[in-house]
Amino acid sequence: MIGRVMIAALGMAAMTVPALAQQGLDEPFQKPFKEALAGKVVAYVPVAMNFDLTEGWYAGMKKELEPYGVKFEIRDPNWNTNAGAQAVTSLISEKPAVMVIHNPDVQTYAKLLQRAENEGIYVIQINMGSAYRSSAFVGANWIEIGERDTEAVVKACQGKSNKIAIVQGALSAAASAYTLKGVENVLAKHPDIKVVSSQAADWDAAKAKAITQTVLKQNPDLCGIVGFWDGMDIGTAAAVKEAGLTGKVFVATSGGGERKGACELVKSGAFDLNMSYDVPTQAADLSAMIKWLLSSGAKAGSVKGSAYTTLIPISKENADTACWNLSDLKK
């Protein structure tokens, strides 16, 4: 009799399990997360729009954050540093929740960004930082890029003239200054390498072409060039091609990994190596930083963090698969 009662009791318990399992558990954190993002304004100040990096970051952020009700303000200085400073100053008074800043150099915006965080605005710096360390930095490790590009050029020069050229960006930009340090780190280990030219092309393809044309006329036995950005080094590669030296002068550069600006040029032989910092990944990191900061409740400027991008070396071996399309990211 006792056995039958126990079996019946167990049966009743078993019958209640599915009923209990169908009762969901409310997740307590998603509601405040959504509320923290809804209606917030993210202000975006690139050095300029209308090229793969800045367009890609914006498209990636919009895709990730607009579904949560985040709104965007773009202020495009169009390569004018003074206009950029004015835009940042104006935004501070408008008080967006977050400012995403692409610095033209290390000093111009530094005090403004500190002021913005003192006013309660989160500041995230993308790819080119300032002297002020804000709540977050998302971007490439430029010293690593300089080292890896230079190592590739040094290797390509083995058994050749050992003459190389360096085509820098804008001297005051963090990306250029830090990349140059990476170049110097490698060259210090290779005293046999002779730098015949190290000049700034200011991110301008026409200037890069003119510099490279002159260098090649003076040094037709040049074996390698370290360039600092593929958008500029289109000019570098054009000069090499016009001199009939494509494939003979190893051209290493870096960029965001967009198909037309990176993979197609590597496949054509214009670039031998392009160190990609992969803009879609950076856009995802930016978006994650914005989500975290807005939902954290942390006071602007009270936390400091960095998300350095894992680099993707693009060569002919992976040029069919290593890149992304700007048109796809905008869909």
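The values are calculated or read from the model by the stated rules, or taken from the named source; none is laboratory data. As the structure is a prediction and not an experimental result, all values here were calculated from the model. Cβ atoms come from the backbone with ideal geometry, glycine included; neighbour counts cover every protein chain shown.
For (1) crowded, with 17+ Cβ neighbours inside 10 Å; (2) at pLDDT 95 or above; (3) in a helix (DSSP H, G or I), each residue gets a yes or a no:
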| residue | (1), (2), (3) |
| --- | --- |
| Val215 | yes, yes, yes |
| Asp221 | no, yes, no |
| Ile225 | yes, yes, no |
| Ala238 | yes, yes, yes |
| Val251 | yes, yes, no |
| Asn274 | yes, yes, no |
| Thr281 | yes, yes, yes |
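Looking only at region 171-223, how many residues end up being touching a residue at least 60 places away in the same chain (Cβ under 8 Å), among the acidic types (Asp, Glu) and under 18 Å from Glu147 (Cα atoms)?
Residues in region 171-223 being touching a residue at least 60 places away in the same chain (Cβ under 8 Å), among the acidic types (Asp, Glu) and under 18 Å from Glu147 (Cα atoms): 0 in total.
Hey, does region 263-277 have a residue that's within 24 Å of Phe137 (Cα to Cα) and among the hydrophobic types (A, V, I, L, M, F, W, C)? It would help to see each step written out before you state the result.
At the first step, the residues of region 263-277 found to be within 24 Å of Phe137 (Cα to Cα) are 274-277.
Narrowing further to those that are among the hydrophobic types (A, V, I, L, M, F, W, C): 275.
Checked region 263-277: at least one residue is within 24 Å of Phe137 (Cα to Cα) and among the hydrophobic types (A, V, I, L, M, F, W, C).
Mind checking which residues of region 82-115 are touching a residue at least 40 places away in the same chain (Cβ under 8 Å) and within 16 Å of Ser172 (Cβ to Cβ)?
Let us first name the residues in region 82-115 that are touching a residue at least 40 places away in the same chain (Cβ under 8 Å), namely 87-88, 91, 94, 96-107, 114.
Listed by number, the residues that qualify are Ile101, His102, Asn103, Pro104, Asp105, Val106, Gln107.
Pull up region 44-84, narrow it to residues that are within 14 Å of the chain's Cα centre (by Cα) and more than 18 Å from Ser287 (Cα to Cα), then point me to the one that is surrounded by the most Cβ atoms within 10 Å (Cβ to Cβ). Before the answer, list the steps.
First, pick out the residues of region 44-84 that are within 14 Å of the chain's Cα centre (by Cα): 46-47, 51-61.
Within this subset, residues satisfying the condition of being more than 18 Å from Ser287 (Cα to Cα) are 47, 51.
Values: Val47: 24, Phe51: 17.
By that ranking, first place goes to Val47.
Do we find that Ile193 is crowded, with 17+ Cβ neighbours inside 10 Å and under 22 Å from the mean Cα position of the chain (by Cα) in this structure? Outline the logic, then answer.
On the way: crowded, with 17+ Cβ neighbours inside 10 Å: yes; under 22 Å from the mean Cα position of the chain (by Cα): no.
For Ile193, the condition - crowded, with 17+ Cβ neighbours inside 10 Å and under 22 Å from the mean Cα position of the chain (by Cα) - is not met.
Could we say that Ile145 is surrounded by 17 or more Cβ atoms within 10 Å (Cβ to Cβ), in a strand (DSSP E or B) and touching a Leu at 6+ places or on another chain (Cβ under 8 Å) here?
Details: surrounded by 17 or more Cβ atoms within 10 Å (Cβ to Cβ): yes; in a strand (DSSP E or B): no; touching a Leu at 6+ places or on another chain (Cβ under 8 Å): yes.
No.
Determine which member of the set Thr214, Thr179 is β-branched (Val, Ile, Thr) and in contact with a Gly (Cβ under 8 Å, 6 or more places away or on another chain). Steps first, please.
Values: Thr214 fails: in contact with a Gly (Cβ under 8 Å, 6 or more places away or on another chain).
On inspection, the qualifying residue turns out to be Thr179.
Taking the options Ala270, Ala298, name whichever one is within 29 Å of Thr214 (Cα to Cα) and part of a loop (DSSP other than H, G, I, E, B).
Working: Ala298 fails: within 29 Å of Thr214 (Cα to Cα).
Matching residue, one of Ala270, Ala298: Ala270.
Looking only at region 152-190, which residues are out of contact with any helix residue (DSSP H, G or I) (no Cβ under 9 Å at 6 or more places or on another chain), surrounded by 18 or more Cβ atoms within 10 Å (Cβ to Cβ) and assigned to a loop (DSSP other than H, G, I, E, B)?
Hits for region 152-190 are Cys157, Ala173.
Would you mention how many residues in region 284-331 are free of Cβ contacts under 8 Å to residues at least 60 places away in the same chain, farther than 27 Å from Phe250 by Cβ and not assigned by TED's automatic domain parsing to the domain that holds Thr54?
Residues meeting the conditions: 3.
Any residue at all in region 73-92 that's in contact with a Lys or Arg (Cβ under 9 Å, 6 or more places away or on another chain) and assigned to a loop (DSSP other than H, G, I, E, B)?
No, every residue in region 73-92 fails to be in contact with a Lys or Arg (Cβ under 9 Å, 6 or more places away or on another chain) and assigned to a loop (DSSP other than H, G, I, E, B).
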